[in-house]
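K.L.:
Dropping the structure in here first, questions after.
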Amino acid sequence: MRIDILTVLPELLESPFSHSIIKRAQAKGVAEIHVHNIRDYATDKHKTVDDYSFGGDAGMVVKIEPVFTLIEKLKAERIYDEIIFMTPDGEKYNQQVANHLSLKNNLMILCGHYKGVDHRIREHLTTREISVGDYVLTGGELAAAIVVDSVVRIIPGAISNETSALSDSFQDNLLSAPVYTRPAEFNGWKVPDILLSGNFKEIAKWQEQQALERTARLRPDLLHGE
Ligand code: ADE
């Protein structure tokens, strides 16, 4: 999969994709992530990417011209499955959306900034709007990092142990069972005996019960398909 991220603050995206599974996925050729600076496509001498909003509402708005030029350039190079705009008023992001996006070949993600982007970008250039939650971030970069991280890690081949992505919390609308490692006892706090028993059938049963119990207690909305 190829992902192109369009931003006025590329520096914010330098670290999130340079570690762990996401770094390895890129090294293995499972994912290609390209971050583009919208400012590079501004044509005036000050490289202006934002301007005052019409109507006098306070706050700066990302201009359409440099975004249009960049999107058109990328679209001329390949076909994009989705051109996603990150915004708090978009569709709420969850594991199902991540699963869906992980099957695509080419994604473009546009990060909003300042007061917003010229609405014509949303009307004419993007295909989908995603929110990572009901709160407002300074810009779409951290939200885009969440989407890219959660999508890339489930692309087949990104994680060597494929079952590990499938047993994530949320994959069956269930939270995961708790996990433990050595020592079996610390400070008088013990790991559940069943996990030390070596009886894998019983352990699997325990994990399933734990997943159901934790979901019912912590996230009952998931059990009701909300
Ligand atoms: N940009 C600012 N806040 C956001 C949010 N909650 N989700 C996606 N993009 C955003």
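K.L.:
Nearest 10 degrees, 0 to 90: what angle lies between the long axis of helix 200-218 and the longest principal axis of the chain (Cα atoms)?
P.N.:
So the inclination is approximately 50 degrees.
K.L.:
In deg cm²/dmol and to the nearest 500, what is the mean residue ellipticity at 222 nm of the chain if only DSSP H runs of at least 4 residues count, each as -39500 (n - 2.57), divided by the residue total? Working shown, then result.
P.N.:
Numbers: 8 runs with 76 residues, N = 226.
The helix contribution divided over the chain gives -9500 deg cm²/dmol.
K.L.:
Let me ask something additional. Ordered by packing density, taken as the mean number of other Cβ atoms within 10 Å over each peptide's residues, highest first, how do 195-203, 42-50 rank?
P.N.:
Packing proxy ranking, top to bottom: 42-50, 195-203.
K.L.:
A further question on this structure: Would you work out what percent of the accessible area of the range 170-223, with all protein chains in place, is carbon or sulfur (probe 1.4 Å)? Mind dumping the intermediate values first?
P.N.:
Details: 2270 of 4130 Å².
It is 55 percent, rounded to a whole number.
K.L.:
So, one more: Compute the distance from the alpha-carbon center of the range 187-217 to that of the range 53-116, in whole Å.
P.N.:
Here the two parts' Cα centres lie 43 Å apart.
K.L.:
Which FRET efficiency value, to the nearest 0.05, is calculated for D40 and R219 with the Förster distance at 41 angstrom and r the Cβ-Cβ distance?
P.N.:
Taking R0 as 41 Å, the efficiency between D40 and R219 is 0.45.
K.L.:
Which ³J(HN,Hα) values, rounded to whole Hz and listed in residue order, are derived for the range 137-148 from phi using the Karplus coefficients 6.51, -1.76 and 1.60 in 6.51 cos²θ - 1.76 cosθ + 1.60 with θ = phi - 60°, glycine and proline given as x?
P.N.:
8, 5, x, x, 4, 5, 5, 4, 5, 5, 5, 5
K.L.:
Per Stokes-Einstein, at 20 °C and 1.002 mPa s, what whole-number D in µm² s⁻¹ belongs to the chain, with the Kirkwood radius over Cα pairs as the hydrodynamic radius?
P.N.:
Reported coefficient: 107 µm²/s.
K.L.:
At 1.4 Å probe size, with every protein chain present, just tell me what the per residue accessible area of the chain comes to in Å².
P.N.:
59 Å²
K.L.:
Protein chains only, probe 1.4 Å: how do L137, L6 rank by accessible area, largest first?
P.N.:
The most accessible residue leads, giving L137, L6.
K.L.:
Expressed as a whole percentage, what fraction of the accessible surface of the range 2-152 belongs to carbon and sulfur atoms when a 1.4 Å probe is rolled over the protein heavy atoms?
P.N.:
Accessible surface attributable to carbon and sulfur in the range 2-152 totals 53 percent.
K.L.:
Taking amide H positions as placed in the peptide plane 1.01 Å from N, state which residues far from D50 in sequence (5 or more) or on other chains have amide H under 5 Å from it.
P.N.:
Result for D50 returns K63.
K.L.:
Still on this structure, I have one more. How much of the DSSP bridge set in the range 2-152 is antiparallel, in percent, rounded to the nearest 5?
P.N.:
On the way: 3 of 26 bridges.
Approximately 10 percent, going by the DSSP bridge assignments.
K.L.:
Please turn the phi angles of the range 110-123 into ³J(HN,Hα) values with the Karplus equation 6.51 cos²θ - 1.76 cosθ + 1.60 (θ = phi - 60°), one per residue in order, whole Hz, x for glycine and proline.
P.N.:
Along the range 110-123, the couplings run 9, 9, x, 8, 6, 6, x, 10, 3, 4, 5, 5, 5, 6 Hz.
The values are calculated or read from the model by the stated rules, or taken from the named source; none is laboratory data. These numbers were taken from a predicted model, which means no experiment stands behind them. FYI the Cβ positions are ideal-geometry reconstructions off the backbone, even for glycines, and counts take in every protein chain you see. Ligands, DNA and RNA are stripped out before the accessible areas are found, and what is left, the full protein with its side chains, is counted by its heavy atoms. Shrake-Rupley method; radii C 1.70, N 1.55, O 1.52, S 1.80 Å.
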